[in-house]
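Inspection log for the structure reproduced underneath, given as structure tokens.
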Amino acid sequence: MSADSKRRVSVVTGGASGIGAACARQLALSGDLVIVADRDLERARTIANEVDGQACHIDVSDETAVEACAAQIEHDCGAVDVLVNSAGIIQVPQRPHDMKMSVWDDVVRVDQRGTYVACTAFARRMIERRRGNIVNIASVAGMRSMPLHAYAPAKAAVIAITECLAAEWGPSGIRVNAVSPGYTLTPALKNAIDRGERDVSSLTVNAALQRLVDPDEIGRAVAFLASDAASAITGINLPVDCGWLAGTSWST
Ligand code: NAD
């Protein structure tokens, strides 16, 4: 089989749950061999079995481990065509002067630094082949003020990182885009709702469509950006938010 006709290999960090798992399912529907990469290997195996893919352990906050993971995947599965960075942790809303800096450090280490580390580890190999495709999961929290004083700046940084890397690697044939989900009903958000930290009506009141986003709706946007249908699209940040940004801009 020629390199051009081989089955696409897609890696999804944070693929064991929520938005990452939805991305894994959509990419598998596109015919890709999907590698579900997560720090929770057991759950990664469950999703990998479901999509007929493979699982691997990754902790995106550890750059040595990410580099080893990228090398292992290429050795076992061949060249990686698509990288989706969905690994992330979410923060409880709190006032900045009450927030411990350990919260800032943890969120930035995974959501911001981890995204950058995974981009560079996989792109190093994509650059050699002059093709590749990266989609970073940012958030509408990186686009509007929210009482998430570590998470929001980290996600704003992911949007900036996406744009910078798209400009840097475009001449090497690599596209880099972001998707910014609005409030999406994943295990992370459901747990926060169950614990009483978030409440559905306040999360949806400003959304034009008056509902939460389904993870599959994020997965489909990611699969589109990763596809040839988006071949001229790079450096963008695509909100998938049920119109939450439109609703929060409304003033009379
Ligand atoms: P989730 O908790 O359901 O899934 C996150 C996954 O990331 C988990 O499987 C977890 O094990 C993995 N992970 C966490 N830290 C990791 C690390 N250091 N290395 C590797 N894997 C790690 O959460 P989700 O809601 O699906 O969130 C996925 C992404 O979407 C995150 O980046 C989050 O910030 C973003 N997002 C979520 C929402 C939402 O409303 N759910 C909204 C906007 C953006």
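Laboratory data are not the source of any read-out in this text; all were calculated from the coordinates shown. Just so we're clear, the structure is a prediction, and the values are computed from it rather than from any experiment. Here Cβ is always computed from backbone atoms with ideal geometry, including for glycine, and neighbour counts include all displayed protein chains.
As an exercise, use a Förster radius of 51 Å and the Cβ-Cβ distance of residue 195 and residue 236 to find the FRET efficiency, rounded to the nearest 0.05. Computed FRET efficiency for residue 195 and residue 236: 0.90. Note on residue 155: lysines with a C-alpha under 29 Å away, same-chain residues under 8 apart excluded, are 100, 190. Residue separation of residue 67 and residue 50 scaled by 0.36 nm, minus their Cα-Cα distance, works out to 3.5 nm of gained length. Full extension of the chain segment joining residue 74 with residue 41 gains 10.0 nm, where the gain is 0.36 nm per residue of separation less the Cα-Cα distance. 3J(HN,Hα) along the stretch 95-107, derived from phi through the Karplus expression 6.51 cos²θ - 1.76 cosθ + 1.60 where θ = phi - 60°, amounts to 6, x, 7, 9, 7, 6, 5, 5, 5, 3, 4, 5, 5 Hz, with x in place of Gly and Pro. May I ask for log10 I(q)/I(0) of the stretch 23-87 at q = 0.15 Å⁻¹, from a Debye sum over the Cα atoms as equal point scatterers with solvent left out? Evaluating at q = 0.15 Å⁻¹ gives log10 I(q)/I(0) of -0.42. Legend: helices of the chain (whole DSSP H runs) are marked when their alpha-carbon atoms reach 15 angstrom or more along the helix axis and their mean Kyte-Doolittle hydropathy is at least -1.0; marked are 18-29, 63-77, 114-129, 151-169, 215-225. Rounded to the nearest 20, the size of the Cβ-charge dipole of the chain about its Cα centre is 340 debye, with Lys and Arg at +1 and Asp and Glu at -1. Given in Å, the Rg to one decimal and the Dmax to the nearest whole number for the Cα atoms of the chain are 17.4, 60.
One chain, two ends: residue 163 and residue 249. Fully extended at 0.36 nm per residue, the span grows by 28.6 nm beyond their Cα-Cα distance.
With the contact rule set at Cα under 8 Å and sequence spacing of 6 or more, what percent relative contact order holds for the chain?
19 percent
Ordering 8, 124, 175 from the fewest to the most neighbouring beta carbons within 10 Å gives 124, 8, 175.
For residue 136, the residues 5 or more places off, or on other chains, whose built amide H falls under 5 Å of its own are 85, 177, 178, 179.
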